2 protein chains.
Amino acid sequence: MVRSIGVLDSGIGGLTVVKEIVKSLPNENIIYLGDTARVPYGTRGKDVITQFALEMVDFLLSKDVKFLVVACNTISAVCLDKIIAVSPVPVLGVIDPTVDHALKTSKSKRIGVIGTRATIGSGIYETEIKQKDNKAQVVVASCPLFVPIAEEGLGDHPGTRLIAKDYLSIFKDQDVDTLILGCTHYPLLSNTIKEVLGENITLVDSAKPAAETLEVMLQEKGLLNNGSLSGKLEIHVTDAPQRVQIIAEQFLGDPLPGGLKEVVLANL
Amino acid sequence: MVRSIGVLDSGIGGLTVVKEIVKSLPNENIIYLGDTARVPYGTRGKDVITQFALEMVDFLLSKDVKFLVVACNTISAVCLDKIIAVSPVPVLGVIDPTVDHALKTSKSKRIGVIGTRATIGSGIYETEIKQKDNKAQVVVASCPLFVPIAEEGLGDHPGTRLIAKDYLSIFKDQDVDTLILGCTHYPLLSNTIKEVLGENITLVDSAKPAAETLEVMLQEKGLLNNGSLSGKLEIHVTDAPQRVQIIAEQFLGDPLPGGLKEVVLANL
């Protein structure tokens, strides 16, 4: 039995990360868990986010995964340390690879970051960027409505543009050349964000940087699957009404292999 | 020890109902429970909503309440029957009183209803209105983004107006004279809804009709508190970051007495 990579997310936005992992590591088995019964996490308090995330980790560890990818900026920002502390297998969050990629992309080293209230409130992006380049300037904004807007498929709606104009107004005279989309849902609003901020800002999201770092880490740790069979992708969610299936396909960019499996998580 | 009225809600929107209960029954003790760790309910599946609601009922029954008010349209629409089945004390949902009030308000008997996806999907408003007046005409629309918009305090934002225009377009040529705001969050968008639909439509929400029906039921069942002391209001939530406190005061229209108490619900 070939062990899988476990991927956890507050909902289904993390499937954008899965999509990139499948592209670069087509032989790996992946078990994904999205907490669709309790999404969104980004508006909640630290203790609740940590409790929910550790319940998901328990589920994935019970499936004997060989590696954990935290494909959610909010969880990565709030309690990655707690997950690393309990996990017997290596853990990768999305923030570190995203910061590296943004620093490579930015010429001016003036970097913008948008995310959920919990992610921005944690201050983690400023801290990590400054640690890696103490001359970099960071401007941040939380955009709490972007998650429900993405889930409703209204990323390109004219009403969304007006809300985005408000959320992003802080970047207007800041000369940032790179904007980190610090939430896996936000790529669904890329067009609107570009319209508001202009074409001179490069948008950076977590999906590709996370998949690239995962490949390096698997190699280093001797955990790559060197078989020649195509990997299997199992998608588990905590609530699976039909609508979740439809949006999941939008995030994955493909029909769902084998549909969605529903699981019930036990509270601590 | 004077027994309390238990009020449950998916979040803090139900405080609009509490506000009306306090006005009309100032001597009653009230214990409120809002599931802020898992709000919103209206986008989730029936099984998950039912599980979460029954966990809240357990908590309130453990406080020996004398009556349960389900101050949430989504829970009332999806699983009121399940709550009645397990509860040893009388239960009031918000839909029945709201329908009565709308039928009294409407002259043309052409009634519009807006609510969450779960509430509208249940078809309960059409069913109940037709049962009480089989000549009434009902037009419905779900408005999934209105809950997060209300919670973000953006009810009057120009972007919200454009989104509302889309959601409410179905009512344009329908000649409805009364619109049921079938979600306790929606009163925070009243101005925008009136701007979009014009002043000729009367908006009806659940708060006052539910409080009036509660008074009648308590009287009938001999459960009124006839003491002369002011009642106490205890507000419990499953997640209490500072922001929830601020929004809770908006919904209640008053400073919170004694702040918010945080509780952890156990999954079934």
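Rundown of residues vs (1) in contact with a Gly (Cβ under 7 Å, 6 or more places away or on another chain); (2) within 14 Å of chain B (Cβ to nearest Cβ), yes/no style:
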{"site": "A:Gly115", "(1), (2)": "yes, no"}
{"site": "A:Ser122", "(1), (2)": "no, yes"}
{"site": "A:Asn134", "(1), (2)": "no, no"}
{"site": "A:Cys143", "(1), (2)": "no, yes"}
{"site": "A:Glu152", "(1), (2)": "no, yes"}
{"site": "A:Leu181", "(1), (2)": "no, no"}
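Which one of B:Ala211, B:Ala240, B:Ala207 is within 14 Å of chain A (Cβ to nearest Cβ) and buried (at least 21 other Cβ atoms within 10 Å of the Cβ)? If you could, list the steps in order and put the result at the bottom.
Details: B:Ala211 fails: within 14 Å of chain A (Cβ to nearest Cβ); B:Ala207 fails: within 14 Å of chain A (Cβ to nearest Cβ).
Only one candidate qualifies: B:Ala240.
What number goes with the only condition from (1) touching a Lys or Arg at 6+ places or on another chain (Cβ under 8 Å); (2) assigned to a helix (DSSP H, G or I) that B:Ile31 does not pass?
(2)
Of everything in the range A:24-42 that's within 15 Å of A:Leu256 (Cα to Cα) and under 17 Å from the mean Cα position of the chain (by Cα), which residue is nearest to the other protein chains (Cβ to nearest Cβ)? Quick ask: steps written out before the conclusion?
Applying the first criterion (within 15 Å of A:Leu256 (Cα to Cα)) to the range A:24-42 yields A:29-34.
Within this subset, residues satisfying the condition of being under 17 Å from the mean Cα position of the chain (by Cα) are A:30-34.
Working: A:Ile30: 24, A:Ile31: 21, A:Tyr32: 19, A:Leu33: 15, A:Gly34: 13 Å.
So the residue we want is A:Gly34.
Would you please name the residue that is surrounded by the fewest Cβ atoms within 10 Å (Cβ to Cβ), looking only at residues in the range A:91-105 that are touching a residue at least 40 places away in the same chain (Cβ under 8 Å) and either in contact with a Ser or Thr (Cβ under 6 Å, 6 or more places away or on another chain) or of a type in the set (A, V, I, L, M, F, W, C) (or both)? Working first, answer last.
The initial filter retains those residues of the range A:91-105 that are touching a residue at least 40 places away in the same chain (Cβ under 8 Å), namely A:92, A:94-102, A:105.
The next check asks that each one be either in contact with a Ser or Thr (Cβ under 6 Å, 6 or more places away or on another chain) or of a type in the set (A, V, I, L, M, F, W, C) (or both); those that pass are A:92, A:94-95, A:97-99, A:102, A:105.
Details: A:Leu92: 24, A:Val94: 29, A:Ile95: 27, A:Pro97: 21, A:Thr98: 27, A:Val99: 28, A:Ala102: 27, A:Thr105: 16.
Across the range A:91-105, the extreme among qualifying residues is A:Thr105.
Output the residue which, of all residues in the range B:44-64 that are part of a loop (DSSP other than H, G, I, E, B) and surrounded by fewer than 24 Cβ atoms within 10 Å (Cβ to Cβ), is nearest to the other protein chains (Cβ to nearest Cβ). Talk me through it step by step, then tell me what you get.
Taking the range B:44-64 and keeping what is part of a loop (DSSP other than H, G, I, E, B), we get B:44-45, B:62-64.
Pick out the ones that are also surrounded by fewer than 24 Cβ atoms within 10 Å (Cβ to Cβ) and you get B:45, B:62-64.
Details: B:Gly45: 4, B:Ser62: 16, B:Lys63: 19, B:Asp64: 23 Å.
Result: B:Gly45.
For the range B:196-204, check the following and say yes or no: at least one residue is surrounded by 13 or more Cβ atoms within 10 Å (Cβ to Cβ), among the β-branched types (Val, Ile, Thr) and free of Cβ contacts under 8 Å to residues at least 40 places away in the same chain. Reasoning before the result, please.
To start, the set of residues in the range B:196-204 that are surrounded by 13 or more Cβ atoms within 10 Å (Cβ to Cβ) comprises B:196-197, B:201-204.
Imposing the further condition that a residue be among the β-branched types (Val, Ile, Thr) reduces the set to B:196, B:201-202, B:204.
Retained after the next criterion (residues that are free of Cβ contacts under 8 Å to residues at least 40 places away in the same chain): B:196.
Checked against the condition, which is being surrounded by 13 or more Cβ atoms within 10 Å (Cβ to Cβ), among the β-branched types (Val, Ile, Thr) and free of Cβ contacts under 8 Å to residues at least 40 places away in the same chain, the range B:196-204 yields at least one hit.
Residue-wise test of (1) assigned by TED's automatic domain parsing to the domain that holds B:Asn134; (2) at pLDDT 95 or above; (3) assigned to a helix (DSSP H, G or I); (4) surrounded by fewer than 22 Cβ atoms within 10 Å (Cβ to Cβ).
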| position | (1), (2), (3), (4) |
| --- | --- |
| B:Tyr41 | no, yes, no, no |
| B:Ala77 | no, yes, yes, no |
| B:Leu80 | no, yes, yes, yes |
| B:Val89 | no, yes, no, yes |
| B:Lys107 | yes, yes, no, yes |
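Taking the residues in the range B:243-253 that are surrounded by 13 or more Cβ atoms within 10 Å (Cβ to Cβ) and either in a strand (DSSP E or B) or not hydrophobic (A, V, I, L, M, F, W, C) (or both) as candidates, determine which candidate is farthest from the other protein chains (Cβ to nearest Cβ). So that I can check it myself, show each step before the final result.
The initial filter retains those residues of the range B:243-253 that are surrounded by 13 or more Cβ atoms within 10 Å (Cβ to Cβ), namely B:243-245, B:247-252.
Checking which are either in a strand (DSSP E or B) or not hydrophobic (A, V, I, L, M, F, W, C) (or both) leaves us with B:243, B:245, B:249-250.
Working: B:Arg243: 7, B:Gln245: 11, B:Glu249: 17, B:Gln250: 15 Å.
Among them, the one singled out is B:Glu249.
Checking B:Ile163 against (1) crowded, with 23+ Cβ neighbours inside 10 Å; (2) closer than 17 Å to B:Thr119 by Cβ: exactly one of these is not met. Which one?
(2)
Suppose we filter B:Ala150, B:Ala141, B:Ala164 for residues that are touching a His at 6+ places or on another chain (Cβ under 7 Å), under 30 Å from A:Val196 (Cβ atoms), touching a residue at least 24 places away in the same chain (Cβ under 8 Å) and not aromatic (Phe, Trp, Tyr); which single one remains? It would help to see each step written out before you state the result.
Details: B:Ala141 fails: touching a His at 6+ places or on another chain (Cβ under 7 Å); B:Ala164 fails: touching a His at 6+ places or on another chain (Cβ under 7 Å).
Being touching a His at 6+ places or on another chain (Cβ under 7 Å), under 30 Å from A:Val196 (Cβ atoms), touching a residue at least 24 places away in the same chain (Cβ under 8 Å) and not aromatic (Phe, Trp, Tyr) holds for just one of B:Ala150, B:Ala141, B:Ala164, which is B:Ala150.
Are there any pairs, at least 6 apart or on different chains, whose C-beta atoms fall under 7 Å, with the first in the range A:229-254 and within 20 Å of A:Leu188 (Cα to Cα) and the second part of a helix (DSSP H, G or I) and of a type outside the set (D, E, K, R), and if so, which?
A:Ala248/A:Leu15; A:Phe251/A:Leu15; A:Phe251/A:Thr16; A:Leu252/A:Leu15; A:Leu252/A:Val18
Based on what the data block shows, is A:Leu145 crowded, with 19+ Cβ neighbours inside 10 Å and modelled with pLDDT of 95 or more? Don't jump to the end; show me each part of the working.
Numbers: crowded, with 19+ Cβ neighbours inside 10 Å: yes; modelled with pLDDT of 95 or more: yes.
Yes, satisfied.
Tell me which of these A:Asp175 doesn't satisfy, since it passes every other one: (1) in contact with a strand residue (DSSP E or B) (Cβ under 6 Å, 6 or more places away or on another chain); (2) outside the structural domain of A:Glu55 (by TED's automatic domain parsing); (3) crowded, with 16+ Cβ neighbours inside 10 Å.
Every listed condition holds for A:Asp175 apart from (3).
The values are calculated or read from the model by the stated rules, or taken from the named source; none is laboratory data. Predicted model only: the values in this text are computed from it and were never measured. Every residue, glycine as well, gets a Cβ built from its backbone with ideal geometry; the counts of neighbours run over all protein chains shown.
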